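Chemist: Structure provided below as structure tokens; questions to follow.
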Amino acid sequence: MSAVIESHHDDHHHGPAKGFSRWLYTTNHKDIGSLYLWFSFIMLFVGGAMAMVIRAELFEPGSQIVSPEFYNQMVTNHGLIMVFGVIMPAFVGLANWMIPMQIGAPDMALPRLNNLSFWILPAAFGVLLSTFLMEGGAPNFGWTFYAPLSTEYAPPTVTFFIFAVHIMGASSIMGSINIITTILNMRAPGMTLMKMPLFVWSWLITAYLLIAVMPVLAGAVTMMLMDIHFGTSFFSAAGGGDPVLFQHVFWFFGHPEVYIMILPAFGIVSHIIETFSRKPIFGYSSMVYAIASIALLSFVVWAHHMFTVGMPIAGELFFMYSTMLIAIPTGVKVFNWLSTMFKGSLTFETPMLFAIAFVALFTIGGLSGLMLAIAPADFQYHDTYFVVAHFHYVLVPGALFSIVAAVYYWLPKWTGYMYDEVLGKTHFWLSFISVNLTFFPMHFVGLAGMPRRIPDYAMQFADYNMIVSVGAFLFGLSQLLFLFNVLKCVYYGKSATAEVWEGAKGKGLEWTVDSPAPYHTFETSPDLTNPQTNN
Amino acid sequence: MTIFRIILLALPLISLQAFAGWDDVNMSPGATALGQEIFGLHMTIFWICFAIGVAVLGAMAFILFKYRKKEGVEAAKFDDSTFLEFTWTILFALILIGMSIPATITMIRAYDDTEGDINILITGHQWKWQYEYIEDEVSFFSNLSTSLDERNNLAPKGENYLLEVDEHLVIPTGARIRFLITANDVIHSWWVPDFAIKQDAIPGFVNTGWTQVNEPGIFRGQCTELCGQYHGYMPIVVEAVSPDEYKEFIIQKKEAKLQQAALTEKLWTTEELMAMGEGVYQKNCVACHQVNGEGLAPVFPALAGSDIVMNDKARQIEILMEGVQGAAMQSYAEQLTEVEIAAVITYTRKSWGNDASGTGEIVAPKEILDYKTNKL
């Protein structure tokens, strides 16, 4: 009997605990989502500061502010932090907040695992960043850490780097298990797979990619560890090993990894475009199939990162053709977004502006990707700034813009307050102009012959590098406006309605709950079996 | 707002005109048949992608302008069209097939690895290139020749800043040259844009690339795979000369080799060794061990005050000749002559106060030759 009474007593504790222990012990998907998002936001400024150092060094030819050795540490850690510390945690944070709300579930399926998968992440980055204070300096071999530069020739801190990567991988795998379990088991009655919101679909597929490739990354770094400390020669030619093996293993992880960083963006942008077009998404099922095909193809294209390692011609041709195939599902998605806007009734609030910029600039990044797929031409593009331009176009105005769009889109639902629209639009236009100023000229210097990852360059690249640096500083500063806008919304925002956006109610379950979303939502599942209740 | 967007998107194109000719913004048109062919392929693919980009962004601009809610448009309700989905999927597939045909043809042509008239073994080292003419048994290293003052903004930068070396890779015009590319330590990548050759130099592997240059000229390139702290400072300079001049070059190189042997036999004074040693040290050692001999802990040990440098001559010779297993220190037996090795060892033993606390013994070129002979 007493157990019953106690549990009844517990029912009164609807709100969160107070103080730091709320965040440390929380198993609430909204709290953990916020933790992930704030972590990612902080790391954005850390990784961004490193990008500023890089652009300051490259502002003019000649040695400027840092040594070549420290420059390499900046390049390496900028890449690692932006990939593993910003884009991925931000998407996981959005998944935590939105997936239960979008499928009508009360929380994630494995709440304690959820807590653990977040809290080991700051530990991993603590380990990684602490290497800056150690003898020999931080990792300096690029975020792709090719052996033997990252093994025999690495600074001693490489062991800490390996440990950090292992922890990040464990965090990602736990997060993915949780997301898959939640989506497959906790959907509201009547929400069949083909009725799931696209963000949920994109994350279901992304989570499978993560589970497939994170162990491969763990294998690669473990082999490095063995080579460094236990006398093996996996990647050392002198001991009978194979440095190219490293690249195959790395990119077998690496290529799915870059799609892990873009697939959830497809889901987000689809929601935003349909909301502000006041029209249902065009070609829902083809959108799902396109995401699934991109994910499957991502396993058979990895060696297009390695066209210059001396593969046999059959290999070159296979990886060229398979890579070109990816353009088909990607093109389908872009055309579907355009068709969603076609004959819609468009308004241009901040999330929509970022989503439109995503579609336009992701298209540019996709087209340069298609050029890079052409193997003989890639002999000239490979490892130049053309590649840097390409992947920054898909990751910054691609993945990052989609995250910013998602924050503006759902912030009123999370906080219960509206952000400042004027500030939001200012943030957008500054970001849009500066992002192009930063990354577009990189195409030119790359084609003209500037290799990537160099701390100094020949005179003919000087003009464009200065423009790029100015653009980068402006882009970096603009993001402070974003931080300010989020804080202003949380502390001084005007109250938001439950629907937030005109006509949003029909665009997903998250718009049927109050703003801010109560600490616990959907404790009883909404019943979607009757189509009438859907609206 | 939309018009503003279009202007923004066009800005980069306008800047093309404003800054310079196409050279500064596009790929090298190529100095060889293969280079020209790859440039042609690049331009074909570029124009196709450009057209697609203009069509998609143009359609988008039109939609954004036409269907604004401000204008009072009502949203339509449609959400699918199997016909359209099929049509554009097939359209994409056709475009891709169209692109893959010229790409495949060029790929096959680039992959011709039959033997050349002249075969040159290229070895990447941290941070210099070694060129070995296999048939003529001539070998030398090619180092960056841009001065530290230029790099540190203490002197005006020259026209070929960071793209100049002490020894050019000289090749004859009109001959088929095959490059065999490998590396000694980490992965490097040998790239000369005008030849459209970019091949990774990987320890334990030999990759191939080939070229045939018909007009004399100087062609510059750079290492394109991150290979450590001075990755940005190992350029490539290839000089194509007439076959006669090429013959002359090979003869000179062979004579220089004989002269070196004579120099080894000569008796050297301490002053001569010190003067030469300082130059060798500046060129080959300062990157890691620093000008003041303090090194960079913990990877690059200090030479100033080192027990080996002060007291253990035999071990120091051995390190220079064999390198240090598992560390960045490589063997200099191939890169430097006997005289140069003797000189640089003498220099380190007599500098930074090492001669005060250590033996300060000099090393004669003959001792290095003896080391080599004994090893055989």
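What follows is calculated from the coordinates using simple rules that are stated; it is not laboratory data. Since the structure is predicted, the reported quantities are computational estimates derived from the model, not experimental observations. Here the Cβ positions follow ideal geometry from the backbone for every residue, glycine too, while neighbour counts run over all protein chains shown.
Chemist: Counting only other chains, and only Cβ atoms inside 10 Å, what mean value do you get across the residues of A:363-370?
Modeler: Mean shielding count: 4.
Chemist: Let me ask something additional. Taking Rh as the Kirkwood radius, which is the inverse of the mean 1/r over Cα pairs, what is the Rg/Rh value for the range B:266-375?
Modeler: So for the range B:266-375, dividing Rg by the Kirkwood Rh gives 0.93.
Chemist: May I pose another question? So what J values fall out for the range A:324-335 if you push phi through Karplus, 6.51 cos²θ - 1.76 cosθ + 1.60 with θ = phi - 60°, rounded to Hz, Gly and Pro as x?
Modeler: Computed from phi, the couplings for the range A:324-335 are 4, 4, 4, 4, 5, x, 5, x, 4, 5, 4, 5 Hz.
Chemist: Then there's this: Can you work out the FRET efficiency for the pair B:Ser242 and B:Asn152, with r the C-beta to C-beta distance and R0 = 45 Å, to the nearest 0.05?
Modeler: According to the calculation, E is roughly 0.70.
Chemist: Over the range B:152-293, what number does the Rg to Rh ratio reach, with both radii from the alpha-carbon atoms and Rh per Kirkwood?
Modeler: Computed over Cα atoms, the ratio is 1.01.
Chemist: Which value in nm describes the separation of the simple spin-label points at B:Lys266 and B:Glu115, placed 7 Å from the Cα toward the beta carbon?
Modeler: Inter-label distance under the simple model: 3.9 nm.
Chemist: I've got another one for you. Please express the shape of the range A:223-331 as an equivalent ellipsoid: the semi-axes are the square roots of 5 times the eigenvalues of the C-alpha gyration tensor, given largest first in whole angstrom.
Modeler: Semi-axes, largest first: 38, 17, 8 Å.
Chemist: Separation between the A:His520 and A:Ala49 pseudo-spin-labels, each 7 Å from Cα along Cα→Cβ, expressed in nm?
Modeler: Each label point lies 7 Å from its Cα, and together they span 4.1 nm.
Chemist: Let me ask you something else. Given Cα positions, please report Rg to Rh for chain B, the hydrodynamic radius being the Kirkwood one.
Modeler: Taking Rh as the inverse mean 1/r over Cα pairs, Rg/Rh reads 1.13.
Chemist: Please average, across the residues of A:339-351, the number of beta carbons from any other chain that are within 10 Å of each residue's own beta carbon, and give a whole number.
Modeler: So the per-residue partner count for this stretch is 6.
Chemist: Rounded if a/c is under 1.5, else prolate if a/b beats b/c, else oblate: with a ≥ b ≥ c from the C-alpha gyration tensor eigenvalues square-rooted, which is the range B:160-237?
Modeler: Oblate is the answer for the range B:160-237, as a/c is 1.5 or above yet b/c matches or exceeds a/b.
Chemist: Among DSSP bridges having both ends in the protein assembly as shown, what percentage is antiparallel? Round to the nearest 5.
Modeler: Expressed as a percentage, antiparallel bridges in the protein assembly as shown total about 70.
Chemist: In the protein assembly as shown, if every C-alpha pair distance is counted and binned at 20 Å from zero, what percent goes to each bin?
Modeler: It works out to 13, 43, 30, 11, 2, 0, in whole percents.
Chemist: Separate question: Straight distance only, please: which lysines reach the Cα of B:Lys254 with their own Cα at less than 28 Å, same-chain residues fewer than 8 apart left out?
Modeler: Counting by Cα, and skipping residues close in sequence, B:Lys254 has these lysines nearby: B:Lys128, B:Lys266, B:Lys283, B:Lys366, B:Lys372, B:Lys375.
Chemist: In terms of the Cα gyration tensor, with a ≥ b ≥ c the square roots of its eigenvalues, is the range A:255-405 rounded because a/c is under 1.5, prolate because a/b exceeds b/c, or oblate?
Modeler: Since a/c reaches 1.5 and a/b is larger than b/c, the shape of the range A:255-405 is classed as prolate.
Chemist: Still on this structure, please answer the following. Need one word for the range A:243-295: rounded, prolate or oblate. Basis is the Cα gyration tensor (sqrt eigenvalues a ≥ b ≥ c); a/c below 1.5 gives rounded, then a/b vs b/c decides.
Modeler: prolate
Chemist: So for the pair A:Glu60, B:Phe83, with labels modelled 7 Å out along Cα→Cβ, what separation do we get in nm?
Modeler: Here the modelled spin labels are 6.3 nm apart.
Chemist: A further question follows. Using a Förster distance of 56 angstrom, determine the FRET efficiency expected from the C-beta separation of A:Phe484 and B:Ser331, and round it to 0.05.
Modeler: Rounded to the nearest 0.05, the efficiency is 0.45.
Chemist: How large are Rg and Dmax for chain A when calculated on the C-alpha trace, in angstrom?
Modeler: 23.3, 83
Chemist: Rounded to the nearest 500, what is chain B's calculated 222 nm mean residue ellipticity when only DSSP H runs of at least 4 contribute -39500 (n - 2.57) each, over all residues?
Modeler: Theoretical 222 nm ellipticity from helices: -14500 deg cm²/dmol.
Chemist: If you average 1/r over all unlike Cα pairs in the range A:277-335 and invert the result, what Kirkwood radius do you get in angstrom?
Modeler: It works out to 12.9 Å.
Chemist: What average number of partner chain Cβ atoms lie no more than 10 Å from the Cβ of the residues making up B:63-71?
Modeler: Neighbouring Cβ atoms belonging to other protein chains average 6 per residue here.
Chemist: Where in the range B:86-126 does the label zone of A:Ile313 land, with the point 7 angstrom along Cα→C-beta and an amide N cut-off under 12 Å?
Modeler: B:104-114
Chemist: To make sure I understand the rule: partners must be aspartates and glutamates, Cα under 12 Å from the Cα of A:Lys333, and not fewer than 8 residues away in the same chain. Which ones qualify?
Modeler: Cα-Cα hits under 12 Å: B:Glu85.
Chemist: Still on this structure, please answer the following. Work out, step by step, the length gained on full extension between B:Thr373 and B:Glu159: first 0.36 nm times the residue separation, then minus their alpha carbon distance; give nm to one decimal.
Modeler: 72.6 nm
Chemist: Which value in deg cm²/dmol, rounded to the nearest 500, describes the helix-derived mean residue ellipticity at 222 nm for chain A, given -39,500 (n - 2.57) per DSSP H run of n ≥ 4 and division by the residue count?
Modeler: Rounded to the nearest 500, the figure is -21500 deg cm²/dmol.
Chemist: Another question, then. How big, on average over all directions, is the shadow cast by the Cα convex hull of the range B:26-129, in nm²?
Modeler: So the Cα hull casts an average projection of 12.8 nm².
Chemist: Hey, which aspartates and glutamates would be in cross-link range of A:Lys413, C-alpha to C-alpha under 12 Å, not counting anything within fewer than 8 residues on its own chain?
Modeler: Within the straight-line cut-off, A:Lys413 pairs with A:Glu499, A:Glu510, A:Asp514.
Chemist: In which sequence would A:Val404, A:Val396 go, from the one with the fewest C-beta neighbours within 10 Å to the one with the most?
Modeler: Going from least to most buried by this count: A:Val396, A:Val404.
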